[in-house]
Amino acid sequence: MFIPDLTYVQEAEFLNEVEYDTEYIADVEAQDEEFWMQDSGLVIIIADDTKFRVLRSVLERHSIIFGHLFTLPQPTEDSFEDGCPVVRLHESAVNVRHMLKALMPNLEANIFEPPLPPTYEMVSACIRLGYKYESAKLCQQGIAFLKSKFPTNFDNWCDISDNVAPPGFHPREAIGVVKLARLFDEDPASLREDCGQPSSLLPTALLVCTRLDEEELRSGLKHDDGTLVTLSEYDMERVQRVKNLLPGEIACLVVSAFRPPLDGKKPAHCWSADNHCARVAQEAFWAHVGYDPNRLVPWNPFFSWDELHDTFAKMGKYMCTDCNDHHENQLLNAQHKLWKRLPELFDVDVPEGWSRGRRGNPWKTRRN
């Protein structure tokens, strides 16, 4: 076998001026596991009125269905264009483009700079087509990304969410996240595990759905390809039930945050004299929170204690640092209990260990 050895390439202005050693190399046998693709050429994919010409081997490598599809005999000469087999997919061009961007090499990518984060539409298209064409990679990576935005851990949720919906997501897109998680409901447990346990997305995605108004819930989510996604009848019932329960649950969280010592005595951690901090907390609650529905029942059940600080500023009275931390911790403990109950409230099955214990104070971490 004749193999040019380009170990000692000299500087040249044109390719045909490159000097290389043309000695016979007989002892090179090891094939790299990652970069050893089959020379299967190109394939043309038609979706809607758009044609894509791409590497056939990449699709075969990542999709079981495409691997089988390309082995079928081509029925007529019309099935070829420019010597490439032509395959028509009954998919939207926009979704196929998202899938191909995820699978194909990007010649414009800068390997030293992270790419822009994917949008919901990109992730949704990749998961749906990955599921349909049996691409484990697309499903696994898509679900993993969604889990970073709809986490199972209370601290992680507080880290990323200010207004219930995670950054980069519109609250209505939670409807689509629920539908993506439900795609895998009927699959074997082993497949669900391989794809990252999609059901773990349900509690937080359904929680975001409870923050939508009735019109948004009923009208659903319209994808870029024109398809409309709505919650199933059963998931709609779940959302409506928890939507009605949440105001009372949130009010209990706020009351817990301002709760004074049960014995009425000054706590050991308090620096103030004459139980000053306990009186200030109660005064702030009744003067600025207890009769204000927006304060007593904030929109986000996992709000920060910082959002209540101005109640003390309005009075010009403050608690000592330790008492402030104590009341913040009371709020966090109550919120964490609510967080752990989300699967029960929504009546959904989640993987074991869905909510791990708190690591600390997520709000303090964000302040720093």
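The values are calculated or read from the model by the stated rules, or taken from the named source; none is laboratory data. Please read all numbers here as calculations on a predicted model, not as lab measurements. Note that we place each Cβ from the backbone using ideal geometry, even for glycine, and neighbour counts take in every protein chain shown.
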I'd like to know if segment 236-243 contains one or more residues that are closer than 30 Å to VAL96 by Cβ and surrounded by 15 or more Cβ atoms within 10 Å (Cβ to Cβ). no
Within segment 274-288, does at least one residue satisfy the condition of being more than 41 Å from the chain's Cα centre (by Cα) and either part of a loop (DSSP other than H, G, I, E, B) or not assigned by TED's automatic domain parsing to the domain that holds ASN329 (or both)? yes
State which residue pairs qualify: first residue basic (Lys, Arg) and inside segment 240-251, second residue crowded, with 18+ Cβ neighbours inside 10 Å and assigned to a helix (DSSP H, G or I) in any location, beta carbons under 7 Å apart, and separation of 6 or more residues or different chains. LYS243/THR210
Mind telling me which of the residues HIS336, HIS309 ends up being surrounded by 15 or more Cβ atoms within 10 Å (Cβ to Cβ) and farther than 21 Å from LEU212 by Cα? HIS336
Residue that is surrounded by the fewest Cβ atoms within 10 Å (Cβ to Cβ), among those in segment 169-186 that are free of Cβ contacts under 8 Å to residues at least 40 places away in the same chain and under 14 Å from PRO351 (Cβ atoms): ASP185
Taking the condition in contact with a Gly (Cβ under 8 Å, 6 or more places away or on another chain) and not hydroxyl-bearing (Ser, Thr, Tyr), does VAL164 pass? no
Is there a residue in segment 353-363 that is farther than 30 Å from ALA189 by Cβ, assigned by TED's automatic domain parsing to the domain that holds ASP274, surrounded by 18 or more Cβ atoms within 10 Å (Cβ to Cβ) and aromatic (Phe, Trp, Tyr)? yes
Anything in segment 292-333 that is outside any helix (DSSP H, G or I), touching a residue at least 12 places away in the same chain (Cβ under 8 Å) and not hydrophobic (A, V, I, L, M, F, W, C)? List them, or say none. PRO298, ASN300, PRO301, SER304, LYS317, TYR318
Are there helices (runs of 4 or more DSSP H) fully within segment 111-206 with at least 3 residues that are within 23 Å of LEU231 (Cβ to Cβ) and at pLDDT 90 or above? List them. 120-132, 136-149, 173-182
